[in-house]
Amino acid sequence: MDSISLTVNGVPREAQDVRPHTTLLNWLRDQGLTGCKEGCAEGECGACAVLLARPTEDGGTRLDSVNACLVLLPALEGQEVVTAEGLGAPGALHPVQRELAYRGGSQCGYCTPGFVVSMAAEYYREDRPAEEFDIHALSGNLCRCTGYRPIQDAALALGGPAEEDAFAARREQAAPIPQATRLHTPDGEFYRPTTLAEALDLLAANPAARLLAGGTDWGVEVNIRHARAGVTIAVDGLPELRTLTWNPDSVEIGAGLNLSEIERRLAGQVPLLEEWFPLFASRLIRNSATLGGNLGTASPIGDSPPVLLALDARVVLASTGGEREVPLAGYFTGYRQTLRRQGELIRAVRIPLPLAPVSGFYKIAKRRFDDISSVAVGIALDLGGGVVRSVRIGLGGVAATPLRALATEEALTGQPWNERTVREAARILRGEGTPLDDHRASAAYRAAMLEQTLLKFYFEKTAQEVTV
Ligand SMILES: Cc1cc2nc3c(=O)[nH]c(=O)nc-3n(C[C@H](O)[C@H](O)[C@H](O)COP(=O)(O)OP(=O)(O)OC[C@H]3O[C@@H](n4cnc5c(N)ncnc54)[C@H](O)[C@@H]3O)c2cc1C
Ligand code: FES
Ligand code: FES
């Protein structure tokens, strides 16, 4: 079989001759749905944004905006896609389209369908108060000519959906669930297993297979570096990777949940993660990117490791032989190398409870939002009677692997938490890791940022908040 069925703008379609690396964007445009544009093909511009109908926790449907350039078409068997064309048409504009036109939010129009889609996703967000619009919902959309002011005006002028709005009503019905998929094509095989056991058997039989979760990393490899996989196994829909469980001594987060889902389901109960989410890429990317994928890249500048190291997280690895749990602190063994063995996948991440009472995440990048870190630091601190009971500091961007700042932690532990101690420890932190000069930052800048970060944490987080 090399075809898949999906629904686009309410119409069932059969995609023929599907290849494992065909993107949703390219296929939609081949179908004549040229509203979604290719600006960058790497998730940076949002010109390709579309809506995907996804299940909510209570059995309804959420309309999530995603980058069609990073979604692989075979991953969409049985799924439902809405493009800007499906939202409204000339003569019957969607409220979002009408506001953009009325307020001068579109000039050349290249970016406009992408903005329409991201705005529509926020417009239909179930828990959005009608009079509020989270402008960060548009953080993954770039416009080169209009300027953002009229676009923002359009977004802020939106009320809530009308009673008879078909998309609002769609939210009340069930969304499609991930469908088993097996494609055998001249360009490779694509599988979407529906159980973990099936996925692990496939992985055991194809140890070199590429695991696919949100595709925000692999999609860039496919589009920009023309990477190809003989066998691709989609794991983001596996129920066993989509749980979020509170236990007495830990919270376990499934590796296949996307970051927006984790953010919603944790609802602020892990403050360090809550602080981190908005600084990770854009809403479009967070609607797809998973924790499993972030750790799966083993990138030294990935953002989750510094946060998870500070939280003392453990990685749950699954294979046909069963499960094992390893501390994240020992997980990275070299540049993009980890303890994960052939045939294993990351099933979940476990964060021990109770959480340290004070925590902070610092991402030093060229832009405040939607940028890759030059340096990232996660800090979790426990004080008792004004003395440091324990502290964990996770670092990214200062070595070939993410790492714990062990010398700094040791210098702080047991010491009074005051400016003098912190200044001394910050100098030690400056020397941790082996930062390099590269196009993002110099080694000296990275070292200086480490020092500043601990000072910032002390003054911002503890000066007022902690009773010592
Ligand atoms: C525009 C843009 C902005 C970005 N911004 C950031 C950022 O701010 N911070 C940051 O850290 N990253 C960023 N990224 C990188 C990327 O989004 C993250 O690494 C993301 O978490 C990857 O998750 P995914 O589910 O999309 O992974 P995928 O692309 O599906 O997979 C990535 C890798 O992980 C492997 N993998 C996936 N799931 C598993 C699993 N369960 N077990 C084992 N291996 C697995 C895959 O085989 C693949 O090698 C950005 C990417 C883009 C395109
Ligand atoms: S084409 Fe730029 S984000 Fe997809
Ligand atoms: S209207 Fe031209 S790029 Fe936005």
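The values are calculated or read from the model by the stated rules, or taken from the named source; none is laboratory data. Quantities reported herein were computed from a predicted structural model and do not represent experimental measurements. Cβ placement follows ideal geometry from the backbone for every residue including glycine, while neighbour counts extend to all protein chains displayed.
Numerical summary
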item: Any pair with Cβ under 7 angstrom, 6 or more apart, that starts in the range 137-156 at a residue that is outside the structural domain of Arg286 (by TED's automatic domain parsing) and at pLDDT 95 or above and ends at one that is of a type in the set (Val, Ile, Thr) and within 16 Å of ligand 2 (Cβ to nearest atom); result: Gly140/Ile285
item: Among the residues listed as Gly91, Gly104, Gly109, the single one being in the same structural domain as Arg29 (by TED's automatic domain parsing), modelled with pLDDT under 95 and at positive phi; result: Gly91
item: Hey, Leu142 farther than 23 Å from Thr56 by Cα, of a type outside the set (Asp, Glu), surrounded by 18 or more Cβ atoms within 10 Å (Cβ to Cβ) and under 20 Å from the mean Cα position of the chain (by Cα) or not; result: yes
item: Filter result for Ile285 (hydrophobic (A, V, I, L, M, F, W, C) and under 10 Å from the mean Cα position of the chain (by Cα)); result: yes
item: Residue list for the range 25-49, filter: outside any loop (DSSP other than H, G, I, E, B) and within 10 Å of ligand 2 (Cβ to nearest atom); result: Leu25, Ala49
item: Test for Val377: is it in contact with a Phe, Trp or Tyr (Cβ under 6 Å, 6 or more places away or on another chain), farther than 30 Å from Asp201 by Cα and free of Cβ contacts under 8 Å to residues at least 60 places away in the same chain; result: no
item: In the range 363-383, the residues that are surrounded by fewer than 22 Cβ atoms within 10 Å (Cβ to Cβ) and modelled with pLDDT of 95 or more; result: Asp382, Leu383
item: Single residue of Ala234, Ala281, Ala289 found to be away from ligand 2 (no atom under 16 Å from the Cβ) and not charged (D, E, K, R); result: Ala234
item: Subset of the range 196-215 [part of a loop (DSSP other than H, G, I, E, B), of a type in the set (A, V, I, L, M) and farther than 12 Å from Leu238 by Cβ]; result: Ala208, Ala209
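Results for (1) among the hydroxyl-bearing types (Ser, Thr, Tyr); (2) without any contact (Cβ under 8 Å) to a residue 12 or more places away in the chain; (3) within 16 Å of ligand 3 (Cβ to nearest atom); (4) within 26 Å of Gly256 (Cα to Cα), shown as yes or no for each residue.
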| residue | (1), (2), (3), (4) |
| --- | --- |
| Val18 | no, no, no, yes |
| His21 | no, no, no, yes |
| Gly32 | no, yes, no, no |
| Gly39 | no, no, yes, no |
| Ala53 | no, no, no, yes |
| Glu57 | no, no, no, yes |
| Asp64 | no, no, no, yes |
| Leu72 | no, no, no, yes |
| Gly78 | no, no, no, yes |
